[in-house]
Amino acid sequence: VNSTKYAIYVQKYVRVEKNTDYTFTFYAKSSGSGKVARCYVNAKKFSTTSSNDLRGTYSQHTINTGWEKQTVTFNSGENTEIALTLCSSGSTATYYFDDLALIGPNNVTPEEPENPEAASNVVVNGDFETGDLSGWSSYSGTTVTSAVVHGGSYAMTSGNTASKYQ
């Protein structure tokens, strides 16, 4: 049995093109330096009853007390839909995430107005500017806050007591 305890914060399914390179970026900070978060990119939805449902790749990120951009690159393989999942990795802390973006083959984001038709950020509400978690599955008491943000008026926050799932 894996003794590492972690907490799932948010998950979102997004449509992707088969066999295509993508870059997932997000800004993160935590209540203490050297905390660890994971980002899973997988084709199967997480189940709160078993960590065995997490299949695919994950990247581990050291999260500190200041906002830092995190980057995950991957190829979609044969998948036309994937799940993006952010979770802790055993570190007791409060985490903040903001400005999540999945950039596809055009390498253009919606913030580049000169070519809005080519925008390839497929993460809707990745900046949480709706003021809620619309479009996301959330776990572990995850909420939206206006007190600590990277950009705009809102960010996602959740705490880990390192005792959620194993």
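The values are calculated or read from the model by the stated rules, or taken from the named source; none is laboratory data. Not measured: the values here are computed from a predicted model. Here the Cβ is made from the backbone with ideal geometry for all residues, glycine too, and neighbour counts use every protein chain on show. Just the protein is used for accessible areas: all its heavy atoms, side chains included, with ligands, DNA and RNA removed. Shrake-Rupley method; radii C 1.70, N 1.55, O 1.52, S 1.80 Å.
The residue that is nearest to the chain's Cα centre (by Cα), counting only those in region 15-29 that are of a type in the set (S, T, N, Q) and under 16 Å from K69 (Cα atoms), is T25.
If the requirement is being exposed (fewer than 15 other Cβ atoms within 10 Å of the Cβ), outside any loop (DSSP other than H, G, I, E, B) and at pLDDT 90 or above, which of these qualifies: T65, T71?
That would be T71, the only listed residue that is exposed (fewer than 15 other Cβ atoms within 10 Å of the Cβ), outside any loop (DSSP other than H, G, I, E, B) and at pLDDT 90 or above.
Pairs are defined by a Cβ separation below 6 Å, a sequence spacing of at least 6 or placement on different chains, a first member in region 138-149 that is part of a loop (DSSP other than H, G, I, E, B), and a second member that is modelled with pLDDT under 90 and open to solvent by 40 Å² or more (accessible area, probe 1.4 Å); the pairs so defined are S140/K164. For D127, the conditions (1) at pLDDT below 90; (2) within 14 Å of A155 (Cα to Cα); (3) in contact with a Gly (Cβ under 9 Å, 6 or more places away or on another chain) all hold with the exception of (1). Does T94 qualify as being under 19 Å from A28 (Cα atoms) and assigned to a strand (DSSP E or B)? Yes: the conditions hold for T94. Checking each residue in region 10-30 for being surrounded by 14 or more Cβ atoms within 10 Å (Cβ to Cβ), of a type in the set (K, R) and closer than 22 Å to T80 by Cβ picks out only K12.
With respect to (1) at pLDDT 85 or above; (2) part of a strand (DSSP E or B); (3) open to solvent by 70 Å² or more (accessible area, probe 1.4 Å), the lone exception for S33 is condition (2).
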